[in-house]
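Okay, so here's the structure we're looking at.
The values are calculated or read from the model by the stated rules, or taken from the named source; none is laboratory data. Note that the structure is a prediction, hence the values are computed from the model and not measured. Cβ atoms come from the backbone with ideal geometry, glycine included; neighbour counts cover every protein chain shown.
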Amino acid sequence: MRLGVDVGTVRIGVARCDPGGILASPLETVRRGKGDLDRLAELVAEHEAIEIVVGLPTSLSGREGAAAEAARQFAGRLAGRLAPETVRLYDERLTTVTAESGLRAGGVHGQARRRVVDQAAAAVLLQAALDGERLTGRPPGEIVRGSS
């Protein structure tokens, strides 16, 4: 089982997939800040996740900016808390836009949408990583080495 993590400045969306790695679904929104890594480590243990896919925000041209650097730093700290080679960064271009669109189409609006959009974006991210792995036969994204 894998977890998908969409790191924002205020909230962290978390999604999970089924044991076969076929379908991703929203799981939880974690408040960013003190205790966020603890909660993610708890979710990893609770769901017996073998891998965590963290979204790497890049521009449409593929360039990395401040948000990508923040995601890389967060992923490094998360990897430092978990077993080696269990955290990967994966391109998350347009995941939040796709999640917002899907929620609007599903009739989820206003505060209700804000409460779950991060989880939905994490599910879009994780689904893209799972689909990419099935298509290529290679693990998604890049391995993150732990940092403190």
Wholly within the stretch 56-148, helices (runs of 4 or more DSSP H) carrying at least 2 residues that are of a type in the set (D, E, K, R) and at pLDDT below 70: 95-105, 110-136
Applying the selection to the stretch 29-43, what residues are among the basic types (Lys, Arg) and over 10 Å from residue 12 (Cα atoms)? 34, 39
Restricting attention to the stretch 16-39, which residues are part of a loop (DSSP other than H, G, I, E, B) and surrounded by 13 or more Cβ atoms within 10 Å (Cβ to Cβ)? 21, 32
Residue 19 vs (1) within 22 Å of residue 135 (Cα to Cα); (2) under 15 Å from the mean Cα position of the chain (by Cα): all pass except (2)
Condition check: more than 14 Å from residue 126 (Cα to Cα), buried (at least 22 other Cβ atoms within 10 Å of the Cβ) and modelled with pLDDT of 95 or more. Does residue 3 satisfy that? no
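Table: residues versus (1) of a type in the set (Asp, Glu); (2) on the phi < 0 side of the Ramachandran plot; (3) surrounded by 11 or more Cβ atoms within 10 Å (Cβ to Cβ); (4) free of Cβ contacts under 8 Å to residues at least 40 places away in the same chain.
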{"residue": "41", "(1), (2), (3), (4)": "no, yes, yes, no"}
{"residue": "47", "(1), (2), (3), (4)": "no, yes, yes, no"}
{"residue": "59", "(1), (2), (3), (4)": "no, yes, yes, yes"}
{"residue": "64", "(1), (2), (3), (4)": "yes, yes, yes, yes"}
{"residue": "75", "(1), (2), (3), (4)": "no, yes, yes, no"}
